[in-house]
1. Suppose we keep only residues that are open to solvent by 40 Å² or more (accessible area, probe 1.4 Å) and in a strand (DSSP E or B) within the stretch 1-15. Which one would you say is farthest from Thr100 (Cα to Cα)?
2. Which is at pLDDT 95 or above and open to solvent by less than 20 Å² (accessible area, probe 1.4 Å), of Ile89, Ile20, Ile25?
3. Which number in (1) in a strand (DSSP E or B); (2) out of contact with any Gly (no Cβ under 7 Å at 6 or more places or on another chain); (3) free of Cβ contacts under 8 Å to residues at least 24 places away in the same chain marks the one condition that Gly55 misses?
4. Under 8 Å by Cβ, and 6 or more places apart or on different chains, what pairs join a residue from the stretch 16-35 that is part of a loop (DSSP other than H, G, I, E, B) with one that is surrounded by 14 or more Cβ atoms within 10 Å (Cβ to Cβ) and among the polar types (S, T, N, Q)?
5. Scan the stretch 40-63 for residues that are closer than 15 Å to Asn27 by Cα, out of contact with any strand residue (DSSP E or B) (no Cβ under 7 Å at 6 or more places or on another chain) and either acidic (Asp, Glu) or surrounded by 13 or more Cβ atoms within 10 Å (Cβ to Cβ) (or both) and jot them down.
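The values are calculated or read from the model by the stated rules, or taken from the named source; none is laboratory data. From a predicted model like this one, the values you see are computed outputs, not experimental measurements. Glycine gets a Cβ as well: all are built from the backbone with ideal geometry, and neighbour counts include every protein chain shown. Note: accessible area is taken over every heavy atom of the protein model, side chains too, but ligands, DNA and RNA are not part of it. Shrake-Rupley method; radii C 1.70, N 1.55, O 1.52, S 1.80 Å.
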Amino acid sequence: LLVDDIWTDPSPPLYGDSCIIYYRIENNGDSNADGSFHIKIYLDDDLKGNVERNGLDAGGSYYTTFALTWPSDFDSHAVKVVVDANDDITETNEENNIRTENYVAKSPDLIVDDIWLDPYPPDSGDSCDVHFKIKNVGNGNAIGYFRTKIYFDGFEKAYGWMDELNVG
């Protein structure tokens, strides 16, 4: 028995959102895996699920899903699936029962894309409006409020709040 594949939906996972972990188990041996065995699912070595499966024919495969909430950060997280976790099935190779895949949540990357003054150029001593364009060049939407500050000669002169910014 071996863990043939692990994948997520969505891929990559979304920051702090629900996620489906898919995994496929395969019996690559010459004989049936008779009897029940356990499949354990971990996120960063924390046990999240334990599935009992009753047998798997030689050459057969089985896939299923497990739902969880992805962590609210942009760190790399390990999804580990262990088949025959309790060593219930006697196998010719007991060393291929574990598979780990690392995932990082989709994340925003905000940049100042453009700045312009109106009027331009301003006359000495006159006021002008400062305009700017913020762009999200990351692979995930910026969720929640964030603050944008305007500086002039190193001193903060104004700020504003923005609510979410989609990719693009």
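1. Leu14
2. Ile25
3. Failed condition: (2).
4. Final answer for the pair search is Asn27/Ser61.
5. Listed by number, the residues that qualify are Asp57, Gly60.
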